[in-house]
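The values are calculated or read from the model by the stated rules, or taken from the named source; none is laboratory data. Remember, it's a predicted structure, so these values are computed and weren't measured experimentally. Virtual Cβ from ideal backbone geometry, glycine too; neighbours counted across all protein chains shown. Note: areas computed on protein heavy atoms with side chains; ligands, DNA, RNA excluded. Shrake-Rupley method; radii C 1.70, N 1.55, O 1.52, S 1.80 Å.
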Amino acid sequence: MLFLGAILATGLVWQATRWTYTDALNNLIKVGGERLTLYSGTLHGALSRYAYLPYVLSQNADVKILLKSSFNLGLVNNYLESLNSEAGSEALYVMNSIGDTLAASNWRKPLSFVGKNYGFRPYFTDAKADLRGQFFAIGVTTGQPGYFMSHSVLEGERFLGAAVAKVNLTPLQEDWREGGETVLVSDANGVLFLSSREDWKYRTLTQLSENQRTLILAGRQYGDQSLELLPLETVEILAEGQRIVRFENVLYLMLSRPLEGLNWQLHHVVPLAPVREQWQAVAAIGTVLALLILALGLYARERRQKQISRRKAREAEAIQEMNLRLQEEVTERSRTENTLRETQAELVQAGKLAALGHMAAGIVHELNQPISAIRTQAASGRLLLDREDTGKVRETLAAVTRMTEHMASITAQLKTFAHKTPKLKGQVVLQDCLDGALAMTAPLFSEFGISLSKVIPDKPLTINGDRARVKQVLVNLIRNAVDAMRDCNQRDLRVEISVQNQEVEISMSDSGIGITEQDIEELFTPFFTTKEVGEGMGLGLSISYRIVTDLGGTIRAQNLPDGGAQFIVRLPLINQGGGAVK
Ligand code: ADP
């Protein structure tokens with residue numbers, strides 16, 4: 001991202017620099033063009049100011065007479081002198097048909113043109129051939145450069161000579177120099193004959209050929225100037241008349257334009273330094289700005305990264321805090337769990353103690369009755385012995401025996417839990433056990449008005465076990481059913497026996513009060529009872545459970561949809577109807 005930004009910034013700076021360069025250069029070209037227009041105007045103006053002079057002279061009758069007959073010399077000399085000073089030209093003179101100067105405005109001066117022959121000068125030959133001539137040259141006589149303008153003096157068709165005006169263009173150069181500008185004028189050969197830069201004067205823009213050099217020498221145009229090449233190296237050509245040049249390791253913009261009607265070129269040379277300075281300034285500012293933006297970007301990135309790392313640190317802190325809290329919570333929970341476990345253990349202990357209390361109360365209640373009865377019987381036995389009523393004594397002792405038997409049966413029940421049950425041996429017919437159990441509980445049926453219905457297969461069903469234990473299970477179930485129906489209006493007990501696969505199922509359904517959901521879990525736990533003290537010890541079902549599981553069977557309880565409870569005992573079937581079970 002930052003790398004891309006750097007590339008973009010570099011691109012922008014480069015583009016801005018290019019725009020600045022192009023813009024500044026175009027500006028320089030525009031200004032230079034305006035300068036060229038101005039300078040060509042002043043040059044043309046300067047020349048046209050004197051253009052009339054040769055013509056006026058050529059038309060002068062005294063001049064013609066002088067040329068025809070050599071009269072009027074003094075007159076013409078004076079005329080030229082006064083006209084020259086009036087017009088402000090450098091010199092005015094008249095040449096005859098072979099180029100000898102007959103009269104001149106400077107006839108009084110030591111370097112007078114009078115008597116000199118300038119027939120070799122192109123302005124003379126031009127005037128002779130074509131009425132007018134014009135020529136820039138260094139004066140042969142004076143050594144002063146000037147612009148020569150000539151006009152032929154004719155008598156009818158006859159060429160009498162030429163009238164010439166020499167104009168000094170040095171003041172023009174001075175103006176340009178004072179303006180601080182480099183303005184040059186080159187001739188058709190590329191010789192810089194006017195230049196605001198003195199060291200460039202009479203140098204050439206192109207290497208002169210030998211032929212050109214000979215011709216120039218013949219015309220004695222530039223005196224003894226060596227006309228060396230000016231080492232202006234062209235760096236780039238921008239357009240026609242617009243190029244970038246190098247001189248002494250300095251770059252310049254050089255604008256050139258032909259001067260109308262003169263076969264000269266006007267040049268304006270301006271250093272490129274301002275352009276370079278401008279684009280360098282833009283490049284520097286752009287670079288500084290780009291670096292600033294880059295630095296800002298870096299700063300922003302660092303700030304963001306710091307923020308991110310701060311946020312991460314905060315998050316980490318929060319997570320750590322959360323972890324700590326979790327840890328505390330876990331510790332708290334495990335502490336609570338321990339407390340709960342301890343509480344549960346205490347509860348279990350309390351429950352055990354409660355059960356023990358309940359059992360003790362039950363046992364005490366069960367045993368108290370026969371004990372106090374035995375005590376009473378023993379006391380009445382003593383009285384009967386005193387009375388020697390042996391018959392009654394026997395009866396009393398028989399009652400004591402019955403009561404001890406009852407007590408023994410109670411302790412026998414408890415023994416089931418005290419010892420491991422011996423391995424059961426033998427087989428028994430289930431129907432026989434059921435008959436025994438029903439016979440034993442028959443008084444209860446008549447006492448509470450209970451109707452009994454049975455669905456029992458005829459074929460005897462043989463199971464493992466001994467008669468007493470199987471009977472005890474059935475008696476327990478019947479007694480419980482009777483107890484459950486005791487306070488109910490409808491009192492029906494239904495006993496069903498069926499064979500399923502290799503098992504026999506005994507179902508005991510009553511129309512009693514049923515069992516609560518919560519009690520169903522606890523039913524087979526020793527000493528679990530919902531009955532009052534003295535009415536039950538909570539051992540019946542747990543003993544039954546133990547007997548059934550010892551016989552390899554199962555016992556479970558459920559409530560019936562129409563009320564009442566159902567106990568289902570399943571035992572392995574050995575055979576039915578005396579034969580082996582298939
Ligand atoms: P006990 O009869 O001495 O209470 P049990 O172990 O025989 O002991 O029975 C435990 C409890 O099971 C009873 O107190 C009673 O709440 C419940 N119970 C047993 N059989 C039935 C039944 N047929 N209908 C309703 N509740 C029953």
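Rundown of residues vs (1) in a helix (DSSP H, G or I); (2) farther than 28 Å from Leu262 by Cα, yes/no style:
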{"position": "Tyr55", "(1), (2)": "yes, no"}
{"position": "Gly74", "(1), (2)": "yes, yes"}
{"position": "Tyr79", "(1), (2)": "yes, yes"}
{"position": "Ser85", "(1), (2)": "yes, no"}
{"position": "Tyr93", "(1), (2)": "no, no"}
{"position": "Arg108", "(1), (2)": "no, yes"}
{"position": "Leu111", "(1), (2)": "no, yes"}
{"position": "Val114", "(1), (2)": "no, yes"}
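Of the residues in segment 528-568, how many are outside any strand (DSSP E or B) and under 18 Å from Arg469 (Cβ atoms)? Give the derivation first.
Taking segment 528-568 as the starting set, the residues that turn out to be outside any strand (DSSP E or B) are 528-553, 560-564.
Of the ones still in play, those that are also under 18 Å from Arg469 (Cβ atoms) are 539-553.
Looking only at that region, the number is 15.
For segment 116-141, which residues satisfy the criterion of being crowded, with 17+ Cβ neighbours inside 10 Å and in a strand (DSSP E or B)?
Arg132, Gly133, Gln134, Phe135, Phe136, Ala137, Ile138, listed by residue number.
Inside segment 452-470, can you point out the residues that are out of contact with any Asp or Glu (no Cβ under 9 Å at 6 or more places or on another chain), of a type in the set (D, E, K, R) and in a helix (DSSP H, G or I)?
Matches in segment 452-470: none.
Would segment 203-223 turn up any residue that is at positive phi and open to solvent by 30 Å² or more (accessible area, probe 1.4 Å)?
Within segment 203-223, one or more residues are at positive phi and open to solvent by 30 Å² or more (accessible area, probe 1.4 Å).
Output the number of residues of segment 521-551 satisfying the condition of being more than 9 Å from the ligand (Cβ to nearest atom) and either in contact with a Pro (Cβ under 7 Å, 6 or more places away or on another chain) or touching a residue at least 24 places away in the same chain (Cβ under 8 Å) (or both).
Counting residues in segment 521-551 that are more than 9 Å from the ligand (Cβ to nearest atom) and either in contact with a Pro (Cβ under 7 Å, 6 or more places away or on another chain) or touching a residue at least 24 places away in the same chain (Cβ under 8 Å) (or both) gives 7.
What number of residues in segment 502-517 are more than 11 Å from the ligand (Cβ to nearest atom) and either free of Cβ contacts under 8 Å to residues at least 40 places away in the same chain or among the hydrophobic types (A, V, I, L, M, F, W, C) (or both)?
Of the residues in segment 502-517, 3 are more than 11 Å from the ligand (Cβ to nearest atom) and either free of Cβ contacts under 8 Å to residues at least 40 places away in the same chain or among the hydrophobic types (A, V, I, L, M, F, W, C) (or both).
Do you know which residues across segment 474-501 are within 11 Å of the ligand (Cβ to nearest atom) and in a helix (DSSP H, G or I)?
Quick first cut of segment 474-501, residues within 11 Å of the ligand (Cβ to nearest atom) only: 475-486, 488, 493.
Correct list: Val475, Asn476, Leu477, Ile478, Arg479, Asn480, Ala481, Val482, Asp483, Ala484, Met485.
So, in segment 8-59, of the ones that are open to solvent by 90 Å² or more (accessible area, probe 1.4 Å) and of a type in the set (A, V, I, L, M), which residue ends up nearest to Ala91 (Cα to Cα)?
Among those that are open to solvent by 90 Å² or more (accessible area, probe 1.4 Å) and of a type in the set (A, V, I, L, M), it is Leu38.
If only one of Asn489, Asn501 is of a type outside the set (Gly, Ala, Ser), at positive phi and open to solvent by 20 Å² or more (accessible area, probe 1.4 Å), which one is it?
The match here is Asn501.
Kindly evaluate Leu160 against the criterion of being buried (at least 17 other Cβ atoms within 10 Å of the Cβ) and closer than 16 Å to Leu36 by Cα.
In short, no.
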